[in-house]
Ligand code: 0GY
(Lines give C-alpha, C1' and ligand atoms only; values in the text may rest on other atoms or scores of the structure.)
Protein backbone atom coordinates (compact mmCIF):
# COMPACT_ATOMS: atom_id res chain seq x y z
CA UNK A 1 0.00 0.00 0.00
CA UNK A 2 1.39 3.45 -0.83
CA UNK A 3 1.86 5.95 1.98
CA UNK A 4 -0.71 8.29 0.38
CA UNK A 5 -3.34 5.55 0.09
CA UNK A 6 -2.71 4.43 3.66
CA UNK A 7 -3.13 7.94 5.08
CA UNK A 8 -6.30 8.34 3.04
CA UNK A 9 -7.72 5.11 4.52
CA UNK A 10 -6.77 6.08 8.05
CA UNK A 11 -9.41 7.95 9.99
CA UNK A 12 -7.20 9.51 12.62
CA UNK A 13 -4.30 11.92 12.78
CA UNK A 14 -0.82 10.53 12.08
CA UNK A 15 1.67 10.39 14.95
CA UNK A 16 4.13 13.25 15.48
CA UNK A 17 6.92 12.87 12.88
CA UNK A 18 9.65 14.72 14.80
CA UNK A 19 9.10 14.65 18.57
CA UNK A 20 11.38 16.91 20.59
CA UNK A 21 14.20 15.60 22.79
CA UNK A 22 12.67 15.69 26.27
CA UNK A 23 13.99 18.22 28.77
CA UNK A 24 13.28 15.70 31.52
CA UNK A 25 16.02 13.06 31.57
CA UNK A 26 14.40 9.68 32.20
CA UNK A 27 16.00 7.44 34.83
CA UNK A 28 18.08 4.54 33.51
CA UNK A 29 15.90 1.56 32.69
CA UNK A 30 12.68 3.51 32.07
CA UNK A 31 9.79 1.41 30.76
CA UNK A 32 7.15 2.74 28.37
CA UNK A 33 4.37 0.53 29.76
CA UNK A 34 1.68 1.43 27.23
CA UNK A 35 2.41 1.62 23.52
CA UNK A 36 1.24 -0.17 20.40
CA UNK A 37 2.43 -1.47 17.05
CA UNK A 38 0.15 -1.17 14.02
CA UNK A 39 0.87 -3.14 10.90
CA UNK A 40 2.39 -2.43 8.56
CA UNK A 41 -0.94 -3.43 7.03
CA UNK A 42 0.70 -5.08 4.03
CA UNK A 43 2.32 -7.58 6.42
CA UNK A 44 -0.13 -7.56 9.34
CA UNK A 45 -3.61 -6.59 8.06
CA UNK A 46 -6.04 -4.82 10.37
CA UNK A 47 -9.09 -6.62 11.71
CA UNK A 48 -12.18 -6.55 9.46
CA UNK A 49 -14.16 -5.88 12.67
CA UNK A 50 -12.12 -2.80 13.65
CA UNK A 51 -13.89 0.42 14.62
CA UNK A 52 -11.12 2.67 13.28
CA UNK A 53 -8.29 2.33 10.81
CA UNK A 54 -4.89 3.40 12.12
CA UNK A 55 -1.89 4.61 10.18
CA UNK A 56 0.88 2.04 10.01
CA UNK A 57 3.20 2.35 12.99
CA UNK A 58 5.51 -0.62 12.99
CA UNK A 59 8.09 -1.97 15.40
CA UNK A 60 11.08 -0.19 13.86
CA UNK A 61 9.38 3.17 14.36
CA UNK A 62 8.50 2.24 17.94
CA UNK A 63 12.08 1.22 18.72
CA UNK A 64 13.42 4.43 17.12
CA UNK A 65 11.10 6.48 19.35
CA UNK A 66 12.19 4.45 22.39
CA UNK A 67 15.83 5.32 21.69
CA UNK A 68 15.09 8.95 20.86
CA UNK A 69 13.23 9.59 24.12
CA UNK A 70 15.73 7.74 26.35
CA UNK A 71 13.39 4.86 27.13
CA UNK A 72 14.92 1.40 27.72
CA UNK A 73 12.00 -1.02 27.50
CA UNK A 74 8.47 -1.22 26.08
CA UNK A 75 5.27 -2.94 27.07
CA UNK A 76 3.36 -3.30 23.82
CA UNK A 77 -0.40 -3.53 24.18
CA UNK A 78 -2.60 -5.19 21.56
CA UNK A 79 -5.10 -2.60 20.34
CA UNK A 80 -8.60 -3.23 19.04
CA UNK A 81 -7.75 -2.50 15.39
CA UNK A 82 -5.76 -5.77 15.24
CA UNK A 83 -8.61 -7.68 16.92
CA UNK A 84 -7.51 -11.03 18.34
CA UNK A 85 -4.74 -11.48 15.81
CA UNK A 86 -1.60 -10.84 17.84
CA UNK A 87 0.89 -11.47 15.00
CA UNK A 88 2.19 -7.89 14.77
CA UNK A 89 2.63 -7.83 18.55
CA UNK A 90 4.48 -11.16 18.62
CA UNK A 91 6.69 -10.09 15.72
CA UNK A 92 7.65 -6.90 17.59
CA UNK A 93 8.28 -8.78 20.84
CA UNK A 94 10.52 -11.30 19.10
CA UNK A 95 12.50 -8.51 17.44
CA UNK A 96 12.90 -6.63 20.72
CA UNK A 97 14.18 -9.64 22.67
CA UNK A 98 14.29 -8.93 26.39
CA UNK A 99 13.58 -5.23 25.84
CA UNK A 100 9.83 -5.68 25.41
CA UNK A 101 6.90 -7.46 26.98
CA UNK A 102 3.38 -7.71 25.59
CA UNK A 103 -0.28 -7.64 26.48
CA UNK A 104 -2.37 -9.73 24.09
CA UNK A 105 -6.07 -9.92 23.27
CA UNK A 106 -7.41 -13.47 23.15
CA UNK A 107 -10.77 -15.17 22.87
CA UNK A 108 -12.01 -18.47 24.27
CA UNK A 109 -10.76 -20.20 21.12
CA UNK A 110 -7.10 -19.62 22.00
CA UNK A 111 -5.25 -22.90 22.53
CA UNK A 112 -2.79 -23.70 25.32
CA UNK A 113 -0.09 -24.11 22.66
CA UNK A 114 -0.79 -20.60 21.37
CA UNK A 115 -0.62 -19.21 24.90
CA UNK A 116 2.72 -20.98 25.41
CA UNK A 117 4.08 -19.43 22.18
CA UNK A 118 2.92 -16.00 23.34
CA UNK A 119 4.56 -16.49 26.73
CA UNK A 120 7.85 -17.43 25.08
CA UNK A 121 7.67 -14.26 22.95
CA UNK A 122 7.18 -12.10 26.08
CA UNK A 123 3.42 -11.79 26.56
CA UNK A 124 2.63 -11.39 30.25
CA UNK A 125 -1.05 -10.47 30.24
CA UNK A 126 -4.32 -10.07 28.38
CA UNK A 127 -6.43 -7.00 27.82
CA UNK A 128 -10.18 -6.91 28.45
CA UNK A 129 -11.67 -3.95 26.59
CA UNK A 130 -15.04 -2.57 27.72
CA UNK A 131 -14.95 0.65 25.70
CA UNK A 132 -18.12 0.48 23.62
CA UNK A 133 -16.89 2.68 20.77
CA UNK A 134 -13.90 0.31 20.29
CA UNK A 135 -15.27 -3.22 20.63
CA UNK A 136 -18.46 -5.25 20.65
CA UNK A 137 -19.40 -6.48 24.12
CA UNK A 138 -17.96 -9.76 25.42
CA UNK A 139 -19.90 -11.68 28.10
CA UNK A 140 -18.11 -11.42 31.45
CA UNK A 141 -18.11 -15.21 31.83
CA UNK A 142 -15.89 -15.42 28.74
CA UNK A 143 -13.41 -13.07 30.41
CA UNK A 144 -13.58 -15.09 33.65
CA UNK A 145 -12.83 -18.33 31.79
CA UNK A 146 -9.86 -16.70 30.07
CA UNK A 147 -8.70 -15.38 33.43
CA UNK A 148 -8.59 -18.87 34.89
CA UNK A 149 -6.35 -20.03 32.06
CA UNK A 150 -3.94 -17.13 31.94
CA UNK A 151 -3.58 -16.95 35.73
CA UNK A 152 -1.86 -20.33 35.55
CA UNK A 153 0.85 -18.74 33.39
CA UNK A 154 1.43 -16.02 35.98
CA UNK A 155 -0.07 -13.42 33.62
CA UNK A 156 -2.15 -10.46 34.68
CA UNK A 157 -5.09 -8.52 33.25
CA UNK A 158 -5.25 -5.06 31.73
CA UNK A 159 -8.70 -3.50 31.63
CA UNK A 160 -9.89 -0.55 29.59
CA UNK A 161 -13.20 1.16 30.38
CA UNK A 162 -14.81 4.59 30.56
CA UNK A 163 -15.46 6.22 33.97
CA UNK A 164 -19.22 6.02 33.45
CA UNK A 165 -19.01 2.21 33.33
CA UNK A 166 -16.93 1.71 36.48
CA UNK A 167 -19.81 1.33 38.92
CA UNK A 168 -21.30 -1.55 36.96
CA UNK A 169 -17.87 -3.17 36.53
CA UNK A 170 -16.74 -3.10 40.16
CA UNK A 171 -18.09 -6.56 41.15
CA UNK A 172 -16.38 -8.08 38.10
CA UNK A 173 -13.08 -6.28 38.71
CA UNK A 174 -13.08 -7.27 42.38
CA UNK A 175 -13.56 -10.90 41.36
CA UNK A 176 -10.36 -11.07 39.32
CA UNK A 177 -7.66 -13.03 41.16
CA UNK A 178 -4.62 -11.67 39.29
CA UNK A 179 -2.99 -8.28 39.29
CA UNK A 180 -5.32 -5.95 37.35
CA UNK A 181 -4.03 -2.83 35.59
CA UNK A 182 -6.56 -0.15 34.66
CA UNK A 183 -5.73 1.81 31.53
CA UNK A 184 -5.57 5.59 31.54
CA UNK A 185 -6.69 6.15 35.17
CA UNK A 186 -10.13 4.76 34.35
CA UNK A 187 -10.63 7.67 31.93
CA UNK A 188 -11.79 10.36 34.39
CA UNK A 189 -13.82 13.33 33.20
CA UNK A 190 -11.17 15.95 33.99
CA UNK A 191 -13.65 18.79 33.70
CA UNK A 192 -15.05 17.57 37.03
CA UNK A 193 -13.20 18.24 40.29
CA UNK A 194 -10.90 15.70 41.93
CA UNK A 195 -13.39 15.16 44.72
CA UNK A 196 -16.20 14.27 42.30
CA UNK A 197 -17.79 10.90 43.25
CA UNK A 198 -16.67 9.33 39.94
CA UNK A 199 -12.94 9.86 40.57
CA UNK A 200 -13.35 9.09 44.25
CA UNK A 201 -15.00 5.79 43.24
CA UNK A 202 -11.89 4.96 41.24
CA UNK A 203 -9.59 5.84 44.14
CA UNK A 204 -11.70 3.63 46.45
CA UNK A 205 -11.43 0.75 43.98
CA UNK A 206 -7.63 0.85 44.27
CA UNK A 207 -7.70 1.51 48.01
CA UNK A 208 -9.94 -1.52 48.59
CA UNK A 209 -8.08 -3.87 46.23
CA UNK A 210 -4.30 -4.04 46.61
CA UNK A 211 -4.06 -6.13 43.40
CA UNK A 212 -5.44 -3.27 41.26
CA UNK A 213 -2.92 -0.92 39.61
CA UNK A 214 -3.37 1.88 37.10
CA UNK A 215 -1.55 3.58 34.24
CA UNK A 216 -1.23 7.34 34.64
CA UNK A 217 -1.25 7.67 30.87
CA UNK A 218 -2.94 9.61 28.09
CA UNK A 219 -3.10 13.26 29.12
CA UNK A 220 -3.52 13.89 25.39
CA UNK A 221 -6.63 11.70 25.30
CA UNK A 222 -8.20 12.86 28.56
CA UNK A 223 -7.58 16.59 28.28
CA UNK A 224 -10.38 19.02 27.59
CA UNK A 225 -8.10 22.07 27.44
CA UNK A 226 -5.37 20.55 25.23
CA UNK A 227 -1.59 20.85 25.71
CA UNK A 228 0.13 21.35 28.15
CA UNK A 229 -2.52 19.13 29.79
CA UNK A 230 -2.80 21.19 32.97
CA UNK A 231 -6.31 19.82 33.52
CA UNK A 232 -5.15 16.17 33.59
CA UNK A 233 -2.02 16.54 35.74
CA UNK A 234 -3.78 16.76 39.16
CA UNK A 235 -5.59 13.46 38.49
CA UNK A 236 -2.36 11.65 37.65
CA UNK A 237 -0.41 13.26 40.50
CA UNK A 238 -3.09 12.26 43.01
CA UNK A 239 -2.86 8.61 41.97
CA UNK A 240 0.95 8.62 42.02
CA UNK A 241 0.92 10.16 45.50
CA UNK A 242 -1.61 7.72 46.98
CA UNK A 243 -0.48 4.55 45.18
CA UNK A 244 3.23 5.08 44.37
CA UNK A 245 3.90 1.34 44.05
CA UNK A 246 0.92 0.56 41.79
CA UNK A 247 1.25 3.09 38.99
CA UNK A 248 2.73 2.74 35.51
CA UNK A 249 3.58 5.32 32.85
CA UNK A 250 3.51 5.03 29.06
CA UNK A 251 3.48 7.11 25.91
CA UNK A 252 0.43 5.50 24.25
CA UNK A 253 2.36 5.89 20.97
CA UNK A 254 1.18 6.05 18.19
CA UNK A 255 -1.92 7.48 19.90
CA UNK A 256 -4.56 5.52 18.00
CA UNK A 257 -7.87 7.01 17.15
CA UNK A 258 -6.92 10.55 18.22
CA UNK A 259 -8.92 13.14 16.35
CA UNK A 260 -8.35 16.39 18.25
CA UNK A 261 -4.56 16.80 18.10
CA UNK A 262 -1.42 14.69 17.97
CA UNK A 263 0.90 15.05 20.96
CA UNK A 264 4.64 15.54 20.78
CA UNK A 265 5.97 12.44 22.56
CA UNK A 266 8.94 14.41 23.90
CA UNK A 267 6.49 16.76 25.56
CA UNK A 268 4.65 13.79 27.10
CA UNK A 269 7.95 12.84 28.80
CA UNK A 270 8.26 16.40 30.11
CA UNK A 271 4.89 16.00 31.85
CA UNK A 272 6.31 13.21 34.07
CA UNK A 273 7.99 15.40 36.74
CA UNK A 274 4.68 17.22 37.18
CA UNK A 275 2.90 13.99 38.10
CA UNK A 276 5.76 12.18 39.89
CA UNK A 277 7.34 15.03 41.76
CA UNK A 278 10.31 13.39 43.52
CA UNK A 279 13.16 11.17 42.32
CA UNK A 280 11.77 8.28 44.41
CA UNK A 281 8.32 8.59 42.84
CA UNK A 282 9.86 8.75 39.35
CA UNK A 283 12.02 5.68 39.96
CA UNK A 284 8.98 3.70 41.15
CA UNK A 285 6.71 4.87 38.32
CA UNK A 286 9.15 4.49 35.47
CA UNK A 287 11.43 1.61 36.48
CA UNK A 288 10.69 -0.36 39.66
CA UNK A 289 6.94 -0.89 39.25
CA UNK A 290 6.99 -2.03 35.60
CA UNK A 291 10.08 -4.18 36.17
CA UNK A 292 8.35 -5.93 39.08
CA UNK A 293 5.22 -6.57 37.04
CA UNK A 294 6.70 -7.45 33.65
CA UNK A 295 10.29 -8.60 34.07
CA UNK A 296 10.35 -10.41 37.45
C1 0GY B 1 -5.44 3.38 23.82
C2 0GY B 1 -6.68 4.01 23.47
C3 0GY B 1 -7.57 3.76 22.51
C4 0GY B 1 -7.59 2.67 21.61
C5 0GY B 1 -7.33 1.43 21.96
O6 0GY B 1 -7.50 -0.86 21.66
C7 0GY B 1 -7.62 0.25 21.13
O8 0GY B 1 -7.99 0.41 19.98
O9 0GY B 1 -6.82 1.16 23.13
C10 0GY B 1 -8.73 4.68 22.46
O11 0GY B 1 -9.29 4.88 21.35
O12 0GY B 1 -9.11 5.24 23.50
O13 0GY B 1 -5.36 2.76 24.88
O14 0GY B 1 -4.46 3.47 23.14
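The values are calculated or read from the model by the stated rules, or taken from the named source; none is laboratory data. Bear in mind that the values here come from a model prediction, so they are computed numbers and not experimental data. Reconstructed Cβ throughout: ideal geometry from the backbone, glycine too, with neighbour counts over all protein chains shown.
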- Item | Among (1) part of a loop (DSSP other than H, G, I, E, B); (2) surrounded by 15 or more Cβ atoms within 10 Å (Cβ to Cβ); (3) within 16 Å of the ligand (Cβ to nearest atom); (4) at pLDDT 95 or above, the one test that residue 224 misses | (2)
- Task: Kindly list the number of the only condition in (1) within 12 Å of the ligand (Cβ to nearest atom); (2) within 11 Å of residue 121 (Cα to Cα); (3) touching a helix residue (DSSP H, G or I) at 6+ places or on another chain (Cβ under 7 Å) that fails for residue 82.
- Result: (2)
- Message: Condition first: assigned to a helix (DSSP H, G or I), surrounded by 13 or more Cβ atoms within 10 Å (Cβ to Cβ) and out of contact with any strand residue (DSSP E or B) (no Cβ under 9 Å at 6 or more places or on another chain). Now tell me which residues in the range 180-199 satisfy that.
- Response: 198, 199
- Give the residue, chosen from 251, 277, that is in contact (Cβ under 8 Å) with a residue 40 or more places away in the chain, away from the ligand (no atom under 16 Å from the Cβ), touching a helix residue (DSSP H, G or I) at 6+ places or on another chain (Cβ under 9 Å) and not in a helix (DSSP H, G or I). 277
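Residue under question is residue 28, and the condition is that it be crowded, with 20+ Cβ neighbours inside 10 Å and at pLDDT 95 or above; does it hold?
No: the conditions fail for residue 28.
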